[in-house]
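The block underneath contains the structure these notes are about, expressed in structure tokens.
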Amino acid sequence: MNFNINEFVNFANLLADLASKTSMQYFRKKIEVENKEDESPVTIADKEAEQIIRDKIKKNFPNHGILGEEYENENLDSEFIWVIDPIDGTRSFIAGHKDFGNLISLLHKNKPIVGIINCPAHNERWLGIKNTKTTCNGKIVSTSGINKIENSYLFTSGIYFHEPFFRKGFETVKEKVKYFRLGGDCYMYGMLSSGLIDIVFEDTLKAHDYMALVNIVEGAGGKITDKYGKPVSLKSDGSLIASSSANLHEEIINIIHK
């Protein structure tokens, strides 16, 4: 890599600091909620946080691309692209629930090299860097390493599965695991990376929902793919499975495609 990764890591942390400040300024306050065309909610906190991040990127790296949730994409043919979800888990944010987060990632030639899950209400920040061990608040973390479904704790943010076979696979895995819980937003992936849970299923996601997760999960020793076991990318279909080990992941993918 012919660039200074530390410069980008420091800048990504600065963006997360800005997102934290804006998010917490509005958290558990009475704010207006709008519904977008897809019926998902958006608040002034989402819009303001993303605008602040965009302005900072444009000032410091004017040639970089930006893919965000609330505004139009810019320069997606750039060598470097920042992918932003200003508030992942807006419904949780609106309800005053702490599991929302700010997702920030940097892609180089469309491959993720830096990812941050910033959960300001929990005061926890996971940092993933390509080919580097994941940290939470500066300390190295790792997945549980559990490799059997029957010993696993499964999370999903919602039971939204497009294809019947994926829904059936999820239900089969759910019946086999030791524990199951519904809900968690991006905080689920931090918990998985810190060894607290073992499997996450999701579907109907967009690139800003998942690109920041890749380096974090992988750097903690986990595995993250789409429902076919393929690496996720900007063009992925929106399905996502993350697990604590390669063996566990293989078992899950096999069940889905039985």
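Summary of values
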{"quantity": "Contacts under 7 angstrom Cβ, first residue in region 184-207 being not assigned by TED's automatic domain parsing to the domain that holds I116, partner aromatic (F, W, Y) and part of a loop (DSSP other than H, G, I, E, B), 6 or more apart", "calculated": "D185/F100; D203/Y160; D203/F161; T204/Y160"}
{"quantity": "Odd one out for E50 among (1) of a type in the set (D, E); (2) at pLDDT below 95; (3) under 17 Å from M211 (Cβ atoms)", "calculated": "(2)"}
{"quantity": "Test result for A49, part of a helix (DSSP H, G or I), in contact with a Ser or Thr (Cβ under 7 Å, 6 or more places away or on another chain), in contact (Cβ under 8 Å) with a residue 12 or more places away in the chain and not basic (K, R)", "calculated": "yes"}
{"quantity": "Helices (runs of 4 or more DSSP H) wholly inside region 149-258 that include at least 3 residues being surrounded by fewer than 21 Cβ atoms within 10 Å (Cβ to Cβ) and at pLDDT 95 or above", "calculated": "164-176, 246-256"}
{"quantity": "S105 being of a type in the set (S, T, N, Q), within 19 Å of the chain's Cα centre (by Cα), part of a helix (DSSP H, G or I) and closer than 25 Å to G184 by Cα", "calculated": "no"}
{"quantity": "Qualifying residue in region 2-24 (condition: aliphatic (A, V, I, L, M), under 17 Å from K206 (Cβ atoms), over 17 Å from the mean Cα position of the chain (by Cα) and at pLDDT 95 or above)", "calculated": "no"}
{"quantity": "Verdict on D77 being acidic (D, E), more than 12 Å from D209 (Cα to Cα), out of contact with any helix residue (DSSP H, G or I) (no Cβ under 6 Å at 6 or more places or on another chain) and not in a strand (DSSP E or B)", "calculated": "yes"}
{"quantity": "Test result for F93, buried (at least 22 other Cβ atoms within 10 Å of the Cβ) and in contact (Cβ under 8 Å) with a residue 40 or more places away in the chain", "calculated": "yes"}
{"quantity": "Checking R28 against (1) outside any helix (DSSP H, G or I); (2) under 19 Å from the mean Cα position of the chain (by Cα), the condition it does not meet", "calculated": "(2)"}
{"quantity": "Tabulated pairs, region 140-154, first on the phi > 0 side of the Ramachandran plot, second surrounded by fewer than 19 Cβ atoms within 10 Å (Cβ to Cβ) and part of a loop (DSSP other than H, G, I, E, B), C-beta under 7 angstrom, 6+ apart or interchain", "calculated": "G145/G221"}
{"quantity": "Lone qualifier among N2, N6 - being assigned to a loop (DSSP other than H, G, I, E, B) and of a type in the set (S, T, N, Q)", "calculated": "N2"}
{"quantity": "Residue count for region 121-139, restricted to those that are at negative phi and surrounded by fewer than 21 Cβ atoms within 10 Å (Cβ to Cβ)", "calculated": "9"}
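The values are calculated or read from the model by the stated rules, or taken from the named source; none is laboratory data. The structure presented is a predicted model; accordingly, all values stated were derived computationally and were not measured. Backbone-built Cβ (ideal geometry, glycine too); neighbour counts: all protein chains shown.
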